[in-house]
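Taking it in order: structure first as structure tokens, then the write-up.
The values are calculated or read from the model by the stated rules, or taken from the named source; none is laboratory data. Just so we're clear, the structure is a prediction, and the values are computed from it rather than from any experiment. Methodologically, a virtual Cβ is constructed for each residue, glycine included, from the backbone with ideal geometry; neighbour enumeration extends over all protein chains shown.
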Amino acid sequence: MRDITLRALDILKQVDVIVAEDTRVSRKLLSAYDIHTPLKSYHDFNKERITPLLINLLKEGQAIALISDAGTPGISDPAFYIVREAIRNGLAVEAIPGATAFVPALILSGLPTDRFVFEGFLPAKKGRSKRLEQLRQEDRTIIFYEAPHRLLRTLRDIFRTLGDRQVAVSRELTKKFEQVVRGRLSEVAEYFEKNSPRGEFVIVVHGIEKKEIT
């Protein structure tokens, strides 16, 4: 709740409309800071319908702020869609710095931070194996996002394709139940077999060692 900048709070008070991934979650944040700006819903399931309406509001001169449930909008969420449409329409867009889960996860992993690749969420079905196979020779640190119900499957899939590499799995970063589990993929998978995954996860995997590259 406190990982928000003073600038972001000022903007949320000044704009005409705030669009949010889940208005119920966002109302908690806005209420905590006594912000009463009108709130509209914007998510993967309504973005194609809502975006033209928001673009029209922007063309009329209204200012709109977009916030996500957690982290920075536009990173693995539908904010990309409206940013692209705003740019296509010649409208001004500002990105306000804020919390982003993969940055602290990378820092806390203990794995190399000088070069890394962010992969977001793996495909749930089609293309999953192909994506992992493409990363088999990647020598940079690799970062994934994952939901709790798919965490174990993803750890096992990474293990099968990339081998038993060093990994750090972070959950609920900057929140009350923040946790980082480090070790080999086999060890971390075993930990989460015994401890039911809860919360949102970031998986940070060591890139292939130079001597292993074929």
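With the requirement that a residue be charged (D, E, K, R) and surrounded by fewer than 19 Cβ atoms within 10 Å (Cβ to Cβ), what does the stretch 57-95 give you? Of everything in the stretch 57-95, those that are charged (D, E, K, R) and surrounded by fewer than 19 Cβ atoms within 10 Å (Cβ to Cβ) turn out to be LYS59, GLU60, ASP69, ARG84, GLU85, ARG88, GLU94. Residues that are touching a helix residue (DSSP H, G or I) at 6+ places or on another chain (Cβ under 8 Å) and either in contact (Cβ under 8 Å) with a residue 60 or more places away in the chain or assigned to a strand (DSSP E or B) (or both) within the stretch 1-23 comprise ILE4, VAL17, ILE18, VAL19, ALA20, listed in sequence order.
For the stretch 189-203, the criterion of being among the aliphatic types (A, V, I, L, M) and under 17 Å from PHE121 (Cα atoms) is satisfied by at least one residue.
The set of residues in the stretch 76-132 that are of a type in the set (Ser, Thr, Tyr) and touching a Ser or Thr at 6+ places or on another chain (Cβ under 8 Å) comprises TYR81, THR100, SER109, THR113, SER129.
Per-residue answers, yes or no, for (1) outside the structural domain of PRO123 (by TED's automatic domain parsing); (2) on the phi > 0 side of the Ramachandran plot; (3) among the aliphatic types (A, V, I, L, M); (4) free of Cβ contacts under 8 Å to residues at least 12 places away in the same chain:
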position	(1), (2), (3), (4)
VAL25	yes, no, yes, no
LEU30	yes, no, yes, no
ASP34	yes, yes, no, yes
PRO38	yes, no, no, no
ASN56	yes, no, no, yes
SER68	yes, no, no, no
THR72	yes, no, no, no
ILE75	yes, no, yes, no
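Mind checking whether some residue in the stretch 53-72 is closer than 28 Å to GLU146 by Cα, in a helix (DSSP H, G or I) and at pLDDT 95 or above? There is no residue in the stretch 53-72 that is closer than 28 Å to GLU146 by Cα, in a helix (DSSP H, G or I) and at pLDDT 95 or above. Report, by residue number, each residue of the stretch 122-155 that is within 11 Å of VAL169 (Cα to Cα) and either charged (D, E, K, R) or in a loop (DSSP other than H, G, I, E, B) (or both). Listed by number, the list holds a single entry, GLU146. The residues on offer are PHE159, PHE177, and the sole one that is more than 16 Å from THR113 (Cα to Cα) and crowded, with 16+ Cβ neighbours inside 10 Å is PHE159.
Applying the criterion of being polar (S, T, N, Q) and closer than 14 Å to LYS13 by Cα to the residues of the stretch 23-49, the residue that is nearest to the chain's Cα centre (by Cα) is SER26.
Of all residues in the stretch 17-35, exactly one satisfies the criterion of being exposed (fewer than 15 other Cβ atoms within 10 Å of the Cβ) and of a type in the set (S, T, N, Q), namely SER31. Restricting attention to the stretch 75-126, the residues that are in contact with a helix residue (DSSP H, G or I) (Cβ under 8 Å, 6 or more places away or on another chain) and either closer than 25 Å to ILE158 by Cα or β-branched (Val, Ile, Thr) (or both) add up to 11. Do we have any residue at all in the stretch 34-41 that's part of a helix (DSSP H, G or I), within 24 Å of LEU6 (Cβ to Cβ) and out of contact with any His (no Cβ under 8 Å at 6 or more places or on another chain)? No: the stretch 34-41 contains no residue that is part of a helix (DSSP H, G or I), within 24 Å of LEU6 (Cβ to Cβ) and out of contact with any His (no Cβ under 8 Å at 6 or more places or on another chain).
Annotation for the stretch 94-112: no member residue is modelled with pLDDT of 90 or more and touching a Pro at 6+ places or on another chain (Cβ under 8 Å).
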